[in-house]
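Asker: Before I ask anything, let me first share the structure, which is written out below as structure tokens.
Derivation of every value follows stated rules applied to the coordinates shown; laboratory data play no part. Quick caveat: nothing in here was measured; it's all calculated off a predicted structure. Every residue, glycine as well, gets a Cβ built from its backbone with ideal geometry; the counts of neighbours run over all protein chains shown.
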Amino acid sequence: MKYRAEEVNGILVIYLSGSIRADDNRPLENLIYDLDLSQYRGIVIDFAPLEYVNSRAIGAVMALWKQAAAESVPVAVTEPKMLVSRLLTAVGLYSLLRIFPSIAAARSSFKE
Amino acid sequence: MEQGLHGHEIDPSLLEREALKELAFCRKHTPRLYHLHCSCTVPRGVLRELESAGWSQTSLQESLALLVVVKKNGVAVAERLLNKYPNLAGAFVWRSETPLVSHNILAAAKGTPVRYARYALELILSNHCMKTIMVREKATSREALAHLSRLLSTRDEFFSIATHDLRNPLTTLKLSLELLNLPGTEENRQTLDIMKRNLEKMEVLINDMLEVFRLYRGSFSLNLSDVQINRIVEDNVVSHYPIAVEKDITLDFLLDPRCEPLKADPFRVNQVVANLLSNALKYTSANGTVEVGTLWEGNGVQIHVSDTGPGVSEEEREHIFESFSRGSARATGDEASTGLGLYICKRIMQLHGGRIWVESSGNKGSTFYAFFPNEVTPEENGQ
């Protein structure tokens, strides 16, 4: 599966992999928009394995980031590959992200 | 009433109608066919002689019409017609300028319906009529060419001045806008946004006009180098990403990893890809999809840009690559459209020895294809 979400110790980890294309948009949006962020103390998005993500999916990730910021839920990400970095930079999101080398490092950045 | 060659009276208006009918017939058929139709007495040898002297077919046709009028109704009627329609033959000169006819024959031809005299008269008329027409046609052509040349120079000069002189203040305006220090109210922000968008529209129009002007003048050439098309497509997808996100359009791309570098002008290739991609995003609504892809075909690379916009009708497809052609589709986000983008793309593809085309089925969107061959042949580069 190209995306899945898992909660560990109050931190939500969203795993992304492969290339997220048009056919993957609806399920990913449903996953993200159905989240109740108030029950998490932090969110980690694992960009590292992602080869490509289309504009609509990025839009969903941006919406997640904005919602988390509004509810004061910190968001951390793992270092994306070159193309995904370029896409995140193009939409102005890359410079706003807290980037870590691994999921473990990202999780440990959240206070207990 | 006029006196015909046969002595009977003829109604001039009838003669004129007859003459015009003959002229109309001449214009429609070749001299040879006309010869057969009315049994013109001018021998075929004479016709051939006139044709080999380089006289135009139109001149021959009109002269033959005149000859028939003369043959049937007399010289006086022909003279009157020539006065009324000077374009037919101009001067009606009663002097022999060829060694074939003497003054005696001419005098004999004037009043006596003798077959030989009539033939001589016809020959004189055909010679003089056609010579005059030929001279007039040459003069008219020279004048027309000179006039056209003047018009083209004027057009080029106007184009150059207009576009360059428009660009300078536009650049200044843009810079000034960036430096403008207004209070950060929502109203000011919106006003600045409107100003920036309209400046961008103007910039697009002026740049496109400049490109077309360079194309018309033939000063549009290619700077060839090894180009990796996949890289250019990827760069364009990244740069157009924010537009897709803003318009809630799914922008996908799929690159063929087999694509090899080919000889092309990277700036112009980028121009084609950017144009096709921005068009697709321009005419696709929210929740729609735009897909860009490459395909290695062994002898070159094919790029395709598909959208789920309104599509291109069959009638529009015939003209969509012409300059200033706009289809019926409207930009979904009030973006600028000059009607020049696809024309510029087509010329770029022609210069590369490639081609560009569109496939569309009704309202289900369209796919634009651009094929870049491996090599640009020298005579196609910059021609």
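Asker: Based on the inverse mean of 1/r over its pairs of different Cα atoms, what is the Kirkwood hydrodynamic radius of the range B:190-301, in Å?
Answerer: On the way: mean 1/r = 0.0627 Å⁻¹.
For the range B:190-301, the Kirkwood estimate is 16.0 Å.
Asker: DSSP beta bridges in chain A, what fraction antiparallel, as a percent rounded to 5?
Answerer: On the way: 6 of 19 bridges.
In chain A, DSSP labels about 30 percent of beta bridges as antiparallel.
Asker: Hey, another quick one. I'd like the Karplus ³J(HN,Hα) series for the range B:342-352: coefficients 6.51, -1.76, 1.60, θ = phi - 60°, whole numbers in Hz, and an x wherever there's a Gly or Pro.
Answerer: 6, 4, 4, 4, 4, 5, 4, 5, 5, 5, 7
Asker: Follow-up. With runs of 4+ DSSP H residues as the only contributors, calculate the mean residue ellipticity of chain A at 222 nm using -39,500 (n - 2.57) per run, divided by the residue total and rounded to the nearest 500.
Answerer: Only helices count here, giving -10500 deg cm²/dmol.
Asker: Also, quick follow-up: Among A:Ser19, A:Ser55, B:Ser221, which comes first, second and so on when ranked by fewest other beta-carbon atoms within 10 Å?
Answerer: On the way: A:Ser19 18, A:Ser55 28, B:Ser221 13.
The most exposed by this proxy come first: B:Ser221, A:Ser19, A:Ser55.
Asker: Of the cross-linked pairs B:Lys201/B:Lys346; B:Lys174/B:Lys196; B:Lys174/B:Lys247, which ones have a Cα-Cα span greater than 18 Å in the structure shown? If you can, show how the numbers build up before the last one.
Answerer: On the way: B:Lys201/B:Lys346 22 Å; B:Lys174/B:Lys196 7 Å; B:Lys174/B:Lys247 24 Å.
Distance filter (> 18 Å) returns B:Lys201/B:Lys346; B:Lys174/B:Lys247.
Asker: For chain A, modelled as a Gaussian network with Cα springs under 10 Å, which listed residue fluctuates most, A:Glu79, A:Glu71, A:Glu29?
Answerer: Fluctuation is largest for A:Glu71.
Asker: Once phi is turned into θ = phi - 60°, what whole-Hz ³J(HN,Hα) does the Karplus curve with 6.51, -1.76 and 1.60 give for every residue of the range B:185-195, x standing for Gly and Pro?
Answerer: Using θ = phi - 60°, the values come out as 7, 4, 5, 5, 4, 5, 4, 4, 4, 4, 5 Hz.
Asker: Can you list residues whose amide H is under 5 Å from B:Gly288's amide H, if they're 5+ apart or on another chain and H is modeled 1.01 Å from N?
Answerer: B:Thr250
Asker: As an exercise, take the mean of 1/r over every pair of distinct alpha carbons in chain A, invert it, and state the Kirkwood radius in angstroms. Mind showing how you got there, number by number?
Answerer: Numbers: mean 1/r = 0.0722 Å⁻¹.
Computed over Cα pairs of chain A, the Kirkwood hydrodynamic radius comes out at 13.9 Å.
Asker: Treating only the Cβ of Lys, Arg, Asp and Glu as charged (+1, +1, -1, -1), what charge dipole size does chain A show about its Cα centre? Round to the nearest 20 debye.
Answerer: Working: 12 positive and 12 negative charges, 62 e Å.
Charge dipole, chain A, about its Cα centre: 300 debye, nearest 20.
Asker: Taking θ = phi - 60°, what integer Hz values does the Karplus form 6.51 cos²θ - 1.76 cosθ + 1.60 yield along the range A:99-107, in sequence order, with x for Gly and Pro?
Answerer: Listing the rounded values in order: 9, 10, x, 8, 5, 4, 5, 5, 5 Hz.
Asker: Take chain A, connect every pair of alpha-carbon atoms lying under 10 Å apart with a spring to form a Gaussian network, then pick out the residue of A:Arg26, A:Arg41, A:Arg56 with the largest mean-square fluctuation.
Answerer: A:Arg26
Asker: Report Rg(Cα)/(2.2 N^0.38 Å) for the range A:61-112, keeping two decimals. It would help to have the intermediate numbers written out before the result.
Answerer: On the way: Rg = 11.4 Å, N = 52, 2.2 N^0.38 = 9.9 Å.
Dividing the Cα Rg of the range A:61-112 by 2.2 N^0.38 Å gives 1.16.
Asker: If eta is 1.306 mPa s and T is 10 °C, what Stokes-Einstein diffusion coefficient results for the range B:224-267, Kirkwood Rh from Cα pairs, in µm²/s? Each step should come with its number before you reach the end.
Answerer: Numbers: Rh = 11.7 Å.
It comes out at roughly 136 µm²/s.
Asker: Other chains near A:48-59: what is the mean number of their Cβ atoms within 10 Å of each residue's Cβ?
Answerer: On the way: counts 0, 0, 0, 0, 6, 1, 12, 17, 10, 3, 6, 7.
Mean partner-chain Cβ count within 10 Å for A:48-59: 5.
Asker: Non-local amide H neighbours of A:Val53 (under 5 Å, H modeled in plane, Pro and chain starts lacking H): which ones?
Answerer: A:Ile20
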